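Each remark here refers to the structure printed beneath this line.
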Amino acid sequence: MHQQLLEDGFKVSLNTVARYRQELGLKAVLAVKQVNTTIPIKAHKKYSYKLRGLGIKHASHVWSTEH
């Protein structure tokens, strides 16, 4: 937006443009598809959460290792 105003002949600072955008609630619209990382892969093994219901009270109460 700042670059377009400069090209149109308006002399405004980047901070002024940013302040007006914030006051007006204007945000950039990007044509980028978001990656959905929450779809599980069916071939991967699922592990249950073993610590559910366990009251962890202090540091070093629970340890974990790689399988």
Q: Kindly write out, for region 27-44 in residue order, the coupling ³J(HN,Hα) from the Karplus curve 6.51 cos²θ - 1.76 cosθ + 1.60 (θ = phi - 60°), rounded to whole Hz, with x marking Gly and Pro.
A: 9, 6, 10, 9, 8, 10, 6, 6, 7, 8, 9, 9, 7, x, 8, 4, 6, 7
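Kindly report the accessible area of the chain per residue (heavy atoms of protein chains, probe 1.4 Å, no ligands, DNA or RNA), in Å². Don't skip to the end; give the middle numbers.
On the way: 7370 Å² over 67 residues.
Each residue of the chain exposes 110 Å² on average to a 1.4 Å probe.
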Q) Under 26 Å from the Cα of K11, which lysines turn up, not counting those fewer than eight places away in the same chain? A) K27
Q. Which one of L26, L14, L51 has the biggest mean-square fluctuation once the chain is modelled by GNM with Cα springs under 10 Å?
A. L51
Q.
With θ taken as phi - 60° and the coefficients 6.51, -1.76 and 1.60, list the Karplus ³J(HN,Hα) couplings across region 9-20 in order, rounded to whole Hz; mark glycine and proline as x.
A. x, 8, 9, 10, 7, 4, 5, 5, 4, 5, 5, 5
Q | (1) 59, 37, 12; (2) 64, 36, 21; (3) 26, 25, 19, with the label sought being that of the calculated Cα extents along the principal axes in Å | A | (2)
Q: Ignoring everything but the protein chains, give the 1.4 Å probe accessible area of V32 in square angstrom, nearest 10.
A: 110
Q.
If I compute solvent accessible area with a 1.4 Å probe over the protein chains, what percent of it on the chain is carbon and sulfur?
A. 57
Q | Selected from Q22, N36, V12, residue furthest toward positive end of dipole (region 5-44; charges at beta carbon) | A | N36
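The values are calculated or read from the model by the stated rules, or taken from the named source; none is laboratory data. Since we're looking at a predicted model, the values are computed, not measured. With ideal geometry, Cβ positions are generated from the backbone for all residues, glycine too; neighbour counts draw on all protein chains shown. Note: accessible area is taken over every heavy atom of the protein model, side chains too, but ligands, DNA and RNA are not part of it. Shrake-Rupley method; radii C 1.70, N 1.55, O 1.52, S 1.80 Å.
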